[in-house]
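A quick write-up on the structure given underneath.
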Amino acid sequence: MPELDAVLSKIDSNLDQSIENLFALLRIKSISTDPGYKSDCRKAAEWLAADLQSIGFDATVRDTGGHPMVVGHHQGDGPHVLFYGHYDVQPVDPIELWETDPFEPGLVDMGGGRKVIAARGACDDKGQLMTFVEACRAYKAVLGTLPCRVTILFEGEEETGSPSLKPFLEANAGELKADFALVCDTNMWDRQTPAISAGLRGLTEEEIIVKAANRDLHSGYYGGVAANPIHILAKALADLHDADGSITIPGFYDGVEETPPDVLATWDGLGRTAQSVLGEIGLSVPSGEKGRSVLELTWARPTAEVNGIHGGYTGTGFKTVIPAQASAKVSFRLVHSQDPEKIRAGFRAFVKERIPGDCSVEFINHGGSPAIQLPYDSPLLQTARKALNDEWPKPAVMIAMGGSIPIVGDFQSLLGMDSLLAGFGLADDRIHSPNEKYELSSFHKGQRSWARILAAISQQ
Ligand code: BES
Ligand code: MN
């Protein structure tokens, strides 16, 4: 296809400029969870809307109860696709572990021809979403149009569970409904092998606060008689797992299916082992349920994780105190048809049973989303797979992801749209951690991949 070849060449010749564009977006400190960065989030939305306008999209910044959305429309023949990405990023702490300024992006030479873009959001998700925008820019430059009708939706609250998204989708369903969604927020299999994710885990997020005495106490004066909320909390959290790593909340595994043996065999064939996964992060002994492979544990099994815990005196020196309260943030990764709200209710009942009569517990709902499973043989996935095979040294593999992208479930339930989850992140991109990076090859070949996928979709 000569037209596609011209678009791919344009992407190649425009690479330096596309890096500059991405750097401009990466300099904006759009940390969604911290109210101190509210105006930066709006700045990122405005930057994106202006950039989309510059390539012929009818794009606007749309207010919500939280951070704004960006919606852009571009006419075209053929199928109508909705591309989704998020411009918000995770906080940067612990800042002292960053080797470069998280909001001063740079290109770091790793030797052997390998270069990476280092910054917060370089991968998750600014670098990824710009691969699609750059593919559109190249199409417009070469052909003056896009190969299909494209709507773009960028949100700024993904990292905080997308609280405004559902109401926004409901209120704007007619405008946003397309034939299917394209989502660029997932990983490749390895540096040479692209991947399509057919599964994502769901999530239930819950904060719990255990309260005991009506004030902090002297642990000598009261110790041995007054309840210590840290002990109560720690015991309830420790009780969540049995000795085999299974989760003990009654009914927790309702809706969890065993993965078919042929799927497990395909996953085993990918050659990822406990040693290879854990070795990279300085560990060697798998935690979690016994007798299952690392891929099954992260792709097809649910988890309970304590993400944070707080109570008592943690400052310098020492203070002999029995605190009045202790708190924790707990999340559950869900699979198959596990219901996020049933899991929440089960967890609350489980904790309440472990609270002494004179103490109390409060819960704060931090959101939830169901797991996603797409059919491996859908025409959309197969079309995208062929397009990816043309771009990368090795053929695309169909995988699942342990992470969660709540909107994918909403696209399905509210707009009746399937999603294609194709992204170019790598396991060692350190998303959410210090020194986040995106491979330059991911950024470059990601743009080329979207150009190919759009061309393939237009011919479907
Ligand atoms: N991009 C990630 C999801 C992801 C993680 C995909 C790892 C592929 C590999 C996304 O931005 C994310 O981190 N989501 C949160 C959702 C939560 C905050 C509601 C997650 O999975 O923790
Ligand atoms: Mn993301």
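See the values below:
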| read-out | value |
| --- | --- |
| Segment 378-445 and segment 260-324: distance between their alpha carbon centers, rounded to Å | 23 Å |
| Dipole magnitude of segment 224-329 about its Cα centre (Cβ charges: Lys, Arg +1; Asp, Glu -1), debye to nearest 20 | 660 debye |
| Cα centre as origin, Lys/Arg/Asp/Glu Cβ charges: segment 289-430 dipole, Debye | 420 debye |
| Exceeding the 24 Å Cα-Cα cut-off - candidates Lys126/Lys445; Lys43/Lys329; Lys29/Lys437; Lys386/Lys437 | Lys43/Lys329; Lys386/Lys437 |
| Positive minus negative residues near Val92 (Lys, Arg vs Asp, Glu; Cβ under 11 Å) | -3 |
| Prolate/oblate/rounded label for segment 228-304 (Cα gyration tensor, a/c 1.5) | oblate |
| Within-13-Å neighbourhood charge of Leu334 [Cβ basis; K, R +1; D, E -1] | -2 |
| Extreme residue, positive dipole direction of segment 315-385, given options Pro356, Val321, Gly368 (C-beta unit charges) | Val321 |
| Acute angle (nearest 10 degrees) that the helix 38-54 long axis makes with the longest principal axis of the chain, alpha-carbon atoms | 20 degrees |
| Dipole of the chain, positive end: most advanced residue of Leu182, Ala456, Pro105 [Cβ charges, Cα centre] | Pro105 |
| Whole-number percent relative contact order across the chain, with pairs defined as alpha carbons under 8 Å at least 6 apart | 26 percent |
| Chymotrypsin sites (Phe, Trp or Tyr not before Pro) within segment 140-248: DSSP coil, no more than 16 neighbouring Cβ in 10 Å | Tyr221, Tyr222 |
| Separation of alpha-carbon centers, segment 36-76 and segment 148-203, rounded to whole Å | 16 Å |
| For Ser287, solvent-accessible area (1.4 Å; no DNA, RNA or ligand), Å² | 90 Å² |
| Surface share of carbon and sulfur [accessible, 1.4 angstrom probe, percent] for the chain | 51 percent |
| Only Lys, Arg (+1) and Asp, Glu (-1) charged, at Cβ; segment 351-460 dipole about Cα centre in debye | 440 debye |
| Helix axis angle, 15-26 relative to the chain longest principal axis, alpha carbon, degrees | 30 degrees |
| GluC sites (Glu not before Pro) within segment 343-403, DSSP loop, no more than 12 other Cβ atoms inside 10 Å | Glu353 |
| Value of relative contact order over segment 104-160, rounded to a whole percent, pairs C-alpha under 8 Å and six or more apart | 16 percent |
| Using distinct alpha-carbon pairs, which all enter the 1/r mean, Kirkwood radius of the chain in Å | 23.6 Å |
| Dipole of segment 195-269, positive direction: furthest Cα of Leu264, Pro229, Gly199, with charges on the beta-carbon | Pro229 |
| Solvent-accessible surface ranking, highest first, for Val92, Val210, Val61 at 1.4 angstrom | Val61, Val92, Val210 |
| Surface accessible to a 1.4 Å probe, per residue, for the residues of the chain, Å² | 43 Å² |
| Computed over segment 351-414: relative contact order in percent, which uses C-alpha pairs under 8 Å that are six or more apart | 35 percent |
| Relative packing of peptides 133-140, 369-376 - highest average C-beta neighbours within 10 Å first | 133-140, 369-376 |
| Helix 440-458 vs. the chain, principal-axis angle (Cα, 0 to 90°, nearest 10) | 60 degrees |
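The values are calculated or read from the model by the stated rules, or taken from the named source; none is laboratory data. No experiment lies behind these values; they were computed from the predicted model shown. A quick note on method: Cβ atoms are made from the backbone with ideal geometry, for glycine too, and the neighbour counts reach across all protein chains shown. Note: accessible area is taken over every heavy atom of the protein model, side chains too, but ligands, DNA and RNA are not part of it. Shrake-Rupley method; radii C 1.70, N 1.55, O 1.52, S 1.80 Å.
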